[in-house]
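Values in this text are rule-based calculations from the coordinates and carry no lab data. This structure is a prediction, so every number in the text was calculated from the model and none was measured. Every residue, glycine among them, receives a Cβ derived from its backbone with ideal geometry; neighbour counts consider all protein chains shown.
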């Protein structure tokens with residue numbers, strides 16, 4: 001009589017065994033999820049009149065430019081060499097604290113002071129090769145060497161770095177809570193101050209002022225855990241002030257621009 005080998009039995013029924021294991025894992029995950037979400041978390045201090053927290057944020061930002069009337073004037077010597085001025089999305093990050101005032105279970109007012117680190121890059125595209133232009137039209141900071149690759153491509157990149165102190169006032173409307181999560185929408189405004197003084201900023205190729213006001217709108221989710229509330233949010237900001245200072249900007253392209261406004265898209269990670 002042939003001896004029964006357990007390996008052959010497993011080989012014959014391997015499909016059923018795999019399905020059984022997957023079913024067990026699925027049931028285990030369902031039980032864990034029910035145990036997790038059926039217990040309503042009290043974290044986040046939603047019932048308190050005033051609560052606190054902190055946040056980290058990553059953003060991408062750029063200058064919204066408006067061309068001047070002189071840009072398309074062929075008789076303007078300064079702008080005739082400029083083909084286009086193109087803002088480029090640039091990354092940055094910020095961090096700060098939040099104070100939440102509870103007006104209603106579904107309506108809060110948030111004060112979120114923060115410090116933000118920004119970089120704005122703008123590509124100036126010239127007709128032909130910049131090395132063949134009149135030197136008086138292409139002026140660079142003497143402390144910054146001209147990049148040979150930019151000369152060959154006909155493009156000059158201007159990078160403006162700034163550290164901003166921001167004071168946003170945000171209104172938050174929350175949907176009804178479902179288990180341990182709820183959706184929310186935000187809207188408000190912010191005032192910004194640049195830490196760099198204006199005399200130092202005037203040495204840059206593309207010069208802007210140091211104060212701005214923005215309109216902000218966003219959306220996100222409140223996720224309640226055992227000891228804290230985690231709230232990811234995406235927020236869009238639009239600057240209201242024309243930041244451009246043409247009198248201090250590089251003559252090679254200053255007449256091609258009439259307005260500069262700040263725009264940014266920010267991902268906030270709130271912890272409360």
Quiz item: Put a dot 7 Å past each Cα toward the Cβ at residue 111 and residue 123; how far apart are the dots in nm?
Solution: 4.4
Quiz prompt | Largest-first principal axis extents of the Cα set of region 38-81 (Å) | solution = 72, 23, 17
Quiz item: Which stretch or stretches of region 213-228 have amide N atoms under 13 Å from the point lying 7 Å from residue 185's Cα along the Cα→Cβ direction?
Solution: 217-220
Quiz item: If you wrap a convex hull around the C-alpha atoms of region 187-272 and split its volume per residue, what is the figure in Å³?
Solution: 108
Quiz item: Relative contact order, percent, of region 46-271 when contacts are C-alpha pairs under 8 Å separated by at least 6 residues?
Solution: 24
Practice problem: Quickly work out the residue 157-to-residue 54 label distance, labels modelled 7 Å from Cα along the C-beta direction, and quote it in nm with one decimal. | Solution: 3.3
Quiz item: Fully extended, how many nm does the chain gain between residue 200 and residue 223 (0.36 nm per residue separation, minus their Cα-Cα distance)?
Solution: 3.9 nm
Quiz item: Do you know the relative contact order of region 199-261, to the nearest whole percent, from alpha carbon pairs under 8 angstrom that are 6+ apart?
Solution: 36
Quiz item: Based on the Cα coordinates of region 46-271, what is the per residue volume of their convex hull in Å³?
Solution: 134
